[in-house]
Protein chains: 2
Amino acid sequence: MNRDLSYIRQDFTKEELDENKLSQHPVTQFKLWLNDAIDNKELEPTAMTLSTVSPKGIPSGRIVLLKKVDAEEGFRFFTNYESKKGLHLKENNYAALNFFWPGLERQVRIEGTIEKILEAESDEYFKSRPKDSQVGATISPQSQVINSREELESWFEDVQNEKKELSRPVNWGGYTLRPFEIEFWQGRAGRLHDRIRYTLTDGSWLKERLAP
Amino acid sequence: MNRDLSYIRQDFTKEELDENKLSQHPVTQFKLWLNDAIDNKELEPTAMTLSTVSPKGIPSGRIVLLKKVDAEEGFRFFTNYESKKGLHLKENNYAALNFFWPGLERQVRIEGTIEKILEAESDEYFKSRPKDSQVGATISPQSQVINSREELESWFEDVQNEKKELSRPVNWGGYTLRPFEIEFWQGRAGRLHDRIRYTLTDGSWLKERLAP
């Protein structure tokens, strides 16, 4: 079926963004919007598209889930350090995050640098995960080619049937993104969207309005 | 309000992905999934996160809407050629697209190269847009800092009140992404997601399963 996509278009009319009413610190503002997304029953409110860059300069995007956020430390998520994103970040630790909450007609765009969190903190989070997720992280050579679904499931069952408690694999853990730029985007009628960008400048956050 | 995000976790159980049942051509498969997303009433089914890279190697992500897709030409969208993404693409035409349809527990990840479409095709699409969108594209210096919302609205009104038909600004038009890699991701229980990646190899598409 070939549908004409060019007519799929929504006018955004729910809210507006006033730079004078936004928080001084963008992470404070981000938390308000994240809470709105959760309260508004957005599907997967913590889902964000993480963009990284390969050594050849090719960008790559994938969904990861935000697990913690604060002004001191930034935006935390967990993954396999040997996955494609892990290999990208070893060579170039610049990254971007994009949150899109269509029910609220909102988007947040974040750019920053990424580093690994403390091993003890990765251990702690690993322990808090359901057993199946622990097994999955342990057995899966993330982003590598595998022969079949059956192969993966047999590895899973082998480990799942072991009685002992699993410890965190050394190649699995947390990253945190420390932002230097955060933009808040609110859809508006006639494509005249509101865009307010915070830029970290000499240790404080500069707030500016951008043309849509 | 500080919420503990680390417990926000859904188990994905809706569907599974069998590499032997997927289309030979990834764009054919993509169209099937896009139609499913539209039929499933996903909010903004054509929304995709476009990742580009700055000359300094910093990635950037933002939502754009897919306006056309086919196997010959790739994935088409429209924007201001002088926007941040436009400036990025002038220097590095590698880009990535990420579709996320949470209601279906599906994701599509695409990597490729980008080029401008023919001017006549941009003209045609510009003509098909509602008047307000035409005015918005004409007056907005996209991604540039502006003084206030009021400034933007006064530019808008000046042009909106003109009686003559608007023609496409030279700095506004379409791009198309020609893919060399497309991955289909279906969420599964216990984080054992299905991932099938197509890679363009010597002119044909190689299909492989990746570890989740």
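Results for (1) surrounded by fewer than 21 Cβ atoms within 10 Å (Cβ to Cβ); (2) touching a helix residue (DSSP H, G or I) at 6+ places or on another chain (Cβ under 8 Å); (3) part of a loop (DSSP other than H, G, I, E, B), shown as yes or no for each residue.
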residue	(1), (2), (3)
B:Glu42	no, yes, yes
B:Pro45	no, yes, yes
B:Thr52	no, yes, no
B:Lys56	yes, no, yes
B:Ser60	no, yes, no
B:His88	no, no, no
B:Ala96	no, no, no
B:Gln107	no, no, no
B:Thr113	yes, no, no
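Is there a residue being more than 12 Å from every other protein chain (Cβ to nearest Cβ), among the polar types (S, T, N, Q) and touching a residue at least 40 places away in the same chain (Cβ under 8 Å) anywhere in region B:147-170?
Within region B:147-170, one or more residues are more than 12 Å from every other protein chain (Cβ to nearest Cβ), among the polar types (S, T, N, Q) and touching a residue at least 40 places away in the same chain (Cβ under 8 Å).
Give me the pairs: first residue in region B:2-23 and touching a residue at least 40 places away in the same chain (Cβ under 8 Å), second residue aliphatic (A, V, I, L, M) and surrounded by 15 or more Cβ atoms within 10 Å (Cβ to Cβ), beta-carbon distance under 7 Å, and six or more apart or on different chains, which are they?
Hits for this filter: B:Lys14/B:Leu104; B:Leu17/B:Ile196; B:Glu19/B:Ile196; B:Leu22/B:Ile196.
With open to solvent by 40 Å² or more (accessible area, probe 1.4 Å), farther than 30 Å from A:Ala47 by Cβ, touching a strand residue (DSSP E or B) at 6+ places or on another chain (Cβ under 8 Å) and not hydrophobic (A, V, I, L, M, F, W, C) as the only criterion, which of B:Glu157, B:Glu165, B:Glu119 stands out?
Residue meeting the stated conditions: B:Glu119.
In region B:173-192, how many are at the interface with chain A (Cβ under 10 Å from one of its Cβ atoms) and under 26 Å from B:Leu65 (Cβ atoms)? Quick ask: steps written out before the conclusion?
To start, the set of residues in region B:173-192 that are at the interface with chain A (Cβ under 10 Å from one of its Cβ atoms) comprises B:180-181, B:183, B:185, B:187-192.
Right, trim to under 26 Å from B:Leu65 (Cβ atoms) and you get B:180-181, B:183, B:185, B:187.
Going through region B:173-192 one residue at a time, the tally reaches 5.
Among the residues of region B:139-149, is any under 21 Å from the mean Cα position of the chain (by Cα), within 30 Å of A:Arg62 (Cβ to Cβ) and open to solvent by less than 50 Å² (accessible area, probe 1.4 Å)?
Yes, region B:139-149 has at least one match.
Taking the residues in region A:168-193 that are polar (S, T, N, Q) and within 27 Å of A:Thr138 (Cα to Cα) as candidates, determine which candidate is surrounded by the most Cβ atoms within 10 Å (Cβ to Cβ). Break it down into steps so the answer makes sense when it comes.
Start the filter on region A:168-193 by keeping residues that are polar (S, T, N, Q), which leaves A:171, A:176, A:186.
Now drop any that are not within 27 Å of A:Thr138 (Cα to Cα), which leaves A:171, A:176.
Details: A:Asn171: 14, A:Thr176: 22.
Ranking the qualifying residues of region A:168-193, first place goes to A:Thr176.
If I filter region B:149-193 down to residues being of a type in the set (S, T, N, Q) and assigned to a loop (DSSP other than H, G, I, E, B), which single residue comes out as nearest to B:Val108 (Cα to Cα)?
Residue satisfying both the conditions and the ranking: B:Asn171.
Mind listing whichever residues of region B:194-211 are open to solvent by 20 Å² or more (accessible area, probe 1.4 Å) and either on the phi < 0 side of the Ramachandran plot or in a strand (DSSP E or B) (or both)?
Once the filter is applied, which keeps residues that are open to solvent by 20 Å² or more (accessible area, probe 1.4 Å) and either on the phi < 0 side of the Ramachandran plot or in a strand (DSSP E or B) (or both), region B:194-211 yields B:Arg197, B:Thr199, B:Leu200, B:Thr201, B:Ser204, B:Trp205, B:Leu206, B:Lys207, B:Glu208.
The values are calculated or read from the model by the stated rules, or taken from the named source; none is laboratory data. These numbers come from a predicted model, not from an experiment. Positions of Cβ are generated from backbone atoms using ideal geometry, with glycine treated the same way; all protein chains shown enter the neighbour counts. The area values use the complete protein model at the heavy-atom level, side chains included, leaving out ligands, DNA and RNA. Shrake-Rupley method; radii C 1.70, N 1.55, O 1.52, S 1.80 Å.
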